[in-house]
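These notes concern the structure reproduced below.
Rule-based calculations on the coordinates, nothing more; no lab input. Here the structure is a predicted model, which means the values were calculated and not measured. Please note: Cβ atoms are built from the backbone with ideal geometry, for glycine as well, and neighbour counts cover all protein chains shown.
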Amino acid sequence: MQKKYQTIDDFLSDSSFKEWVYSGKKNEQWDEWISRNGNLVELLEQAKLYLMAMKVNEPVITENEVNEALSHTWEKIYQKENVWYLGIIKYYHQHKALSKIAALLLLGLSLVWIYNRHNTHESTLAYEELVEKQDDGLIEEANNTTKPQLVILSDGSSVLLQPNSKLSYPKFFDKDKRNVFLQGEAFFEISKNPQRPFYVYSNEVVTKVVGTSFRIKAYKDQSEVDIVVKTGKVLVSSNKELKSAGKTVLLLPNQSIRFQRENLIFEGIETAKKVNSPENLTAIESINFEFVDTPVKQIFESLEKAYLIQIEYPEDKLKECYLTTSLSDQPLAEKLKIICESLGSNTRYEMNGNQISIFSTGCN
């Protein structure tokens, strides 16, 4: 079992593989190989189908029957849009040792296998499907730029939506829950409200929080969903619409987890040290929002860098102002509120998209 299997020929040239397939019996060695090589299981199944087809005795069959059967098979191929069927046809033409009836049986078995695979395997859940099921109209933000995009929700929560990502959310949240839907990658800072938990639906995964900051990576064309917690704690589970729903994982600060979409299982991805390594962090995750006797100008610069916003303020009136405050685990709106209250009652802010205006007569 030390052999590398990269093509169908690699399997067919292995006598142990042939013995296992022809015997039809359970084999611990091959079971172990399958568990360690999940990405090659489909190739293995194709090889098994070839062996089954090649073993069949050839009865009398006309050319018209062959062409008709192939025509029906091609129709099925286009309907299913399974690329690996093309490999089966190509393989038949390259290996003339396969009889006509063997090729037909192979194609037929392939269709049956794909049909059973699609109907017995738990279906995945896509962003479009999740959004369509919502009764109320949702607002959709799509980031088609090359930079993160700031989204402020009605409860004050802030979301940094990464390029090629989408976020759908209601204009106003329900009284008992806050639901949003993500495709792609985003960093969330959730406004605290224990009476209204916050749920992020991203492909097959549901992330539940009350107030915390975390990042989710759930692109449509990727085989996994990653969740990384910066502050607070979150509960991550598979969507209740899946047959495997029920398992819930608690993540604490600096912890992360990966959900494998094909197998519908959770697995750890990185240690806390790796999660916090600079190359794995977005800009907002790399900034320390703990300030000790820090000039207000420097605090504003940190916010501008983290959220990609512009902050206008009266520099001459605030140049001698210093703050000691903690802005961690707070959405942007709450951070601005804390700063203004710390400077004094004569300071306030206004937000217009990515433009923040600070009005102040000076600090106390």
> If amide H atoms are built 1.01 Å from N in the plane of the peptide, which residues on other chains or at least 5 residues away come under 5 Å of the amide H of residue 149?
Replying inline: 161, 162
>> Apply the Karplus curve 6.51 cos²θ - 1.76 cosθ + 1.60, θ = phi - 60°, to the phi angles in the range 206-220 and return the couplings in whole Hz, x for Gly and Pro.
In response: 10, 10, 10, 9, 10, x, 5, 10, 7, 10, 10, 10, 9, 7, 4
> Too long at a 20 Å Cα-Cα cut-off: which of 230/319; 177/233; 192/233?
Replying inline: 230/319
> If you add up the charges near residue 334, with Lys and Arg at +1 and Asp and Glu at -1, over every other residue whose beta carbon is less than 11 angstrom from its beta carbon, what do you get?
Replying inline: -1
> Ordered by residue, what ³J(HN,Hα) values in Hz, to whole numbers, does the range 192-204 give under the Karplus form 6.51 cos²θ - 1.76 cosθ + 1.60, where θ = phi - 60° and Gly and Pro are x?
Replying inline: 5, 6, x, 6, 10, x, 9, 10, 10, 9, 9, 6, 8
